[in-house]
Amino acid sequence: MIRLLTSLLLFLLAACLSGQTVIDLKRGGGVRAKTVDDYRRNDSDMSRRVREDSIAYNDCLTRAFNALYRDSLDQAEELLNNALSLRPAAPSNYIVRHYLARISMARGRYADAVQRLTALLRERPEDREVRSERASCYIESSNPQAALEDCNVLLVSPPTEAEHTHALFLRIAAYHLLRETDKALADVQTILQLDPTNKSATLLQATLLAEKGQTAEAMNRYNLYVSAHRDDADGYAARAELEVKQEMWQAARADYDEALRLRPGDTALLLARANVLERLGLKTLAKRDREAAKGE
């Protein structure tokens, strides 16, 4: 959560620079809106109200950031909505609404996030980051066809190799949900052509081959990966999953042991190893792993 919120704050900082809003994230810092053109009136009472609303708006944003640092998403969401109510025409509100969409994503409220992101795209259809996030939400909510449409837009002349790769990974996830394994493998191959050392793509390629029934080839690729990356828990865990499907219980146990050595306390790995230990008749050890996974 902290990493996500940090990235959100950095995004807001960068984007606000073009919206004439300065956000100081240092201790004691605040938010300063440079423009109040939407509020300018000749009436003195209106000018006073504009000043008061601007102060309250900035205060809401500052308190929202503080709430996010404390992982209080409910409070942050309320404060950001209050800010929108106070200054509905503020230049930085596009970013505030984007921030609210990301909070919905962080909380797993994907339908709400899609609605918010779609509204943003109506204003700025060229916003690649918003479209990428909407594709992710579609995937998380099992709407691969909609995700595919966003991915195809993103893959039209992506500006950087990193964005190209990210969009391909999103499309692979959509193809996987649609059970179009050959198309997913083609995109994996494209990623590996861009970056032959991409570890995620290498593991994903082996996993997709296993799903196609090419078990021997998949296992060979897992073996090569583990030999080349002996300190990567993901390699051992991925190979262990295939060994479980092949009922290679001892081999799976050994790989889960290695994965947990590298990533001790990982709940998913503990539960997976517990199932293998159960198959091996080691019920006491299996119970110990399940208790450790629960934090007991």
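Scanning segment 235-273 for residues that are within 16 Å of residue 205 (Cα to Cα) and open to solvent by 70 Å² or more (accessible area, probe 1.4 Å) yields one hit, 241. Taking segment 138-159 as the range and being farther than 17 Å from residue 175 by Cβ and modelled with pLDDT of 95 or more as the test, only 156 passes. In the condition set (1) farther than 26 Å from residue 293 by Cβ; (2) open to solvent by 60 Å² or more (accessible area, probe 1.4 Å); (3) more than 23 Å from the chain's Cα centre (by Cα), residue 197 is compliant with all but (3). Filtering segment 150-164 to residues that are open to solvent by less than 60 Å² (accessible area, probe 1.4 Å) and more than 21 Å from residue 198 (Cβ to Cβ) leaves only 150.
The rows are residues; the columns are (1) out of contact with any Leu (no Cβ under 8 Å at 6 or more places or on another chain); (2) not hydroxyl-bearing (Ser, Thr, Tyr).
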residue: 56; (1), (2): no, yes
residue: 61; (1), (2): no, yes
residue: 76; (1), (2): no, yes
residue: 96; (1), (2): no, yes
residue: 123; (1), (2): yes, yes
residue: 138; (1), (2): yes, no
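Being closer than 25 Å to residue 140 by Cβ and open to solvent by 50 Å² or more (accessible area, probe 1.4 Å): is that true of residue 176 here?
Spelling it out, residue 176 is indeed closer than 25 Å to residue 140 by Cβ and open to solvent by 50 Å² or more (accessible area, probe 1.4 Å).
Being crowded, with 16+ Cβ neighbours inside 10 Å and either on the phi < 0 side of the Ramachandran plot or at pLDDT 95 or above (or both) is a description that does not apply to residue 81. Just checking, which of 205, 189 is assigned to a helix (DSSP H, G or I), open to solvent by 50 Å² or more (accessible area, probe 1.4 Å) and either among the hydroxyl-bearing types (Ser, Thr, Tyr) or without any contact (Cβ under 8 Å) to a residue 40 or more places away in the chain (or both)? It is 189. For segment 156-177, enumerate the residues that are over 21 Å from residue 202 (Cα atoms) and either touching a helix residue (DSSP H, G or I) at 6+ places or on another chain (Cβ under 6 Å) or assigned to a helix (DSSP H, G or I) (or both). Residue satisfying the conditions is 158 alone.
Against the condition modelled with pLDDT of 95 or more, closer than 18 Å to residue 73 by Cα, open to solvent by 30 Å² or more (accessible area, probe 1.4 Å) and not in a loop (DSSP other than H, G, I, E, B), how does residue 119 come out, does it pass?
So residue 119 fails the test.
Would you check which residues across segment 122-155 are of a type in the set (Asp, Glu) and outside any helix (DSSP H, G or I) and list them?
If the condition is that a residue be of a type in the set (Asp, Glu) and outside any helix (DSSP H, G or I), then 126, 127 are the ones that fit.
Under the condition of being in a helix (DSSP H, G or I), of a type in the set (A, V, I, L, M, F, W, C) and either farther than 26 Å from residue 178 by Cβ or touching an Asp or Glu at 6+ places or on another chain (Cβ under 7 Å) (or both), the residues counted in segment 238-260 number 7.
A search for C-beta distances below 6 Å between a residue of segment 213-224 that is over 15 Å from residue 241 (Cβ atoms) and any residue that is modelled with pLDDT of 95 or more and of a type outside the set (S, T, N, Q), counting only pairs 6+ apart in sequence or on different chains, returns 217/209. Selection of segment 60-114 for residues being outside any helix (DSSP H, G or I) and free of Cβ contacts under 8 Å to residues at least 24 places away in the same chain yields 70, 72, 88, 109.
Quickly run through segment 88-116 and pick out the residues that are open to solvent by less than 40 Å² (accessible area, probe 1.4 Å) and within 18 Å of residue 151 (Cα to Cα). Hits for segment 88-116 are 113, 114.
The values are calculated or read from the model by the stated rules, or taken from the named source; none is laboratory data. None of these values were measured; they are calculated from a predicted model. Here Cβ is always computed from backbone atoms with ideal geometry, including for glycine, and neighbour counts include all displayed protein chains. Calculation scope for accessible area: heavy atoms of the full protein, side chains included, ligands and nucleic acids excluded. Shrake-Rupley method; radii C 1.70, N 1.55, O 1.52, S 1.80 Å.
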